[in-house]
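Quick notes on the structure that follows.
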Amino acid sequence: MIRGFVTFIVLALGMPSLAAAETMSFGDALGLLAKSCGAEIVANCRGVNPDPLRLKECLSRNRDVLTPQCQTDYLAVFDAIQKRIAARVTVANACQREIVKLCNGSTRETSKSVPCLTTTKGVGVNCTRAMGEAGYR
C-alpha cells in the first residue's frame with residue numbers, strides 16, 4: 001500500500017501547475033497537494049489510507065511539522081474539494097427541468113444525464129453555471 005501511495009504522489013507531482021479557480025478538479029487538487037505536501041505526507045502519514053478525510057486529519061494532526069507552503073495549500077486543497085463536491089450536488093437541483101425534459105433522465109441519477117446536458121441546446125443559464133462550477137463543462 002505504501003508503494004502505491006508513493007507512486008500516486010510521484011505521479012501527482014508531475015501534473016501541471018494550477019490556475020486559480022473557485023473550484024478545481026480533483027486531479028488538480030491532488031496535484032497541488034502532492035507538490036506542496038508530498039514529502040510531509042510520505043514522512044508523517046505513512047500507512048494512512050489516502051482518502052481526503054483521513055489525509056486531511058493526518059495533516060492537521062501533524063501541522064507543527066509541516067512547511068508553511070504545505071500548511072497553506074492543504075487547507076486550500078481540501079476547501080476546493082469540498083466546493084467541487086457541493087457544486088456537483090447542486091447540479092441535480094439547478095438542472096432538474098433539463099434532466100427530465102431535455103434528457104429524459106432522472107435527478108436521482110444526475111451523472112447519467114451529464115453527457116446529454118453538455119451537448120443539448122436549450123439548457124438554462126442556472127444549469128449551465130452549475131455544470132461549469134461542478135467541472136462538467
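The values are calculated or read from the model by the stated rules, or taken from the named source; none is laboratory data. Small disclaimer: the values here were computed from a predicted structure and weren't measured. Every residue, glycine among them, receives a Cβ derived from its backbone with ideal geometry; neighbour counts consider all protein chains shown.
Could you go through the range 71-90 and let me know if any residue there is part of a loop (DSSP other than H, G, I, E, B), surrounded by fewer than 18 Cβ atoms within 10 Å (Cβ to Cβ) and without any contact (Cβ under 8 Å) to a residue 24 or more places away in the chain. Checking the range 71-90: not a single residue is part of a loop (DSSP other than H, G, I, E, B), surrounded by fewer than 18 Cβ atoms within 10 Å (Cβ to Cβ) and without any contact (Cβ under 8 Å) to a residue 24 or more places away in the chain. Among the residues of the range 26-38, is any surrounded by fewer than 17 Cβ atoms within 10 Å (Cβ to Cβ) and at pLDDT below 85? Within the range 26-38, one or more residues are surrounded by fewer than 17 Cβ atoms within 10 Å (Cβ to Cβ) and at pLDDT below 85.
Residues that are of a type in the set (Ser, Thr, Tyr) and either touching a strand residue (DSSP E or B) at 6+ places or on another chain (Cβ under 6 Å) or not assigned by TED's automatic domain parsing to the domain that holds Leu53 (or both) within the range 68-100 comprise just one, Thr90. Against the definition (under 23 Å from Ala29 (Cβ atoms) and surrounded by fewer than 15 Cβ atoms within 10 Å (Cβ to Cβ)), how does Arg137 come out, yes or no? Considered against the rule, which asks whether it is under 23 Å from Ala29 (Cβ atoms) and surrounded by fewer than 15 Cβ atoms within 10 Å (Cβ to Cβ), Arg137 comes out as yes. Contact map, the range 102-122: first residue surrounded by 11 or more Cβ atoms within 10 Å (Cβ to Cβ), second residue aromatic (Phe, Trp, Tyr), Cβ cut-off under 7 Å, separation 6 or more or different chains; pairs are Val114/Tyr136; Thr118/Tyr136. Take the conditions (1) modelled with pLDDT of 50 or more; (2) outside any helix (DSSP H, G or I); (3) over 23 Å from Arg88 (Cα atoms); Pro16 misses just one of them, which is (1).
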